[in-house]
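Reviewing the structure listed below.
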Amino acid sequence: TMGQIIRWKEQGDFSGERFEWNHLLLAGDPQAGRAEARGNIQGDIFSGPDTLAFGTNGLLWIGTDMSSIGKGEMARMGNNALLACNPVSGEVRRFLTGPMESEITGATWTPDGRTMFINIQHPGAGVPRDGTGNPRQFSNWPDFNPVGRPRSSTVAIRRKDGGVVGS
């Protein structure tokens, strides 16, 4: 499979001993050859859900960690991304795409929801194809210095109008 997000509903209060569950979504690409790789996503396709966080407005934010970016069944998915999912309708929309060979982790917000923080982890960490060991072959994010090297970073995101991120 390409990953899944499962909803759990505990029966009773926090000390409940039973639960019900269902799939919120199955990750994948509806054009994949294998049935189990097609998923059931309504909206933007992805694979490898890794980071999950609920925003201040109830959206479920999904950070991805695909290991075979641009290859095989993941060829149409692009780089790892941060997506927003409406947990009621199941609709998924891409919010941002990470730098080459990175993953998106650790979404959190200020209490007012007007600033979102995410982490870009190990950009450019792919195995150099040219045999030189040059870490810039895939990325020199975040400063794009031609002789710099890629660095993991925390990014603060704000709307230009000062509104709640994701609204």
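The values are calculated or read from the model by the stated rules, or taken from the named source; none is laboratory data. Small disclaimer: the values here were computed from a predicted structure and weren't measured. Virtual Cβ from ideal backbone geometry, glycine too; neighbours counted across all protein chains shown. Each accessible area value is taken on the protein alone, full model and side chains, heavy atoms only, with ligands, DNA and RNA left out. Shrake-Rupley method; radii C 1.70, N 1.55, O 1.52, S 1.80 Å.
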| query | Quick one: of the DSSP bridges fully inside the chain, what percent are antiparallel, nearest 5? | reply | 95 percent
| Residue-count net charge about GLU73 - beta-carbon cut-off 14 Å; Lys, Arg +1, Asp, Glu -1 | +2
| note | Gyration tensor on Cα atoms of segment 64-167, a ≥ b ≥ c root eigenvalues, a/c under 1.5 rounded, else prolate if a/b beats b/c, else oblate, says oblate
| Local charge sum around GLU17 (other residues, Cβ-Cβ under 14 Å, Lys/Arg +1, Asp/Glu -1)? | -1
| query | According to a simple spin-label model (label point 7 Å from Cα along Cα-to-Cβ), what is the distance in nm between ASP13 and ASN145? | reply | 5.6 nm
| task | Express the accessible area of segment 33-116 per residue in Å², computed with a 1.4 Å probe while the remaining protein chains stay in the model. | result | 45 Å²
| What is the sum of charges around ARG149, taking Lys and Arg as +1, Asp and Glu as -1, for the other residues whose C-beta is under 13 Å from the C-beta of ARG149? | 0
| message | Residues of segment 58-79 with backbone nitrogen within less than 19 Å of a virtual label 7 Å along the Cα-to-Cβ line of SER153, please, listed as ranges. | response | 64, 79
| Beta bridges by DSSP in segment 13-111, antiparallel share as percent, to the nearest 5 | 90 percent
| task | Would you kindly state how much longer the chain becomes between ALA125 and PHE54 on full extension, computed as 0.36 nm times their sequence separation minus their alpha carbon distance, in nm to one decimal? | result | 22.7 nm
| field | Chain lengthening between ASN40 and THR1 when straightened (0.36 nm per residue, less Cα-Cα) | value | 12.9 nm
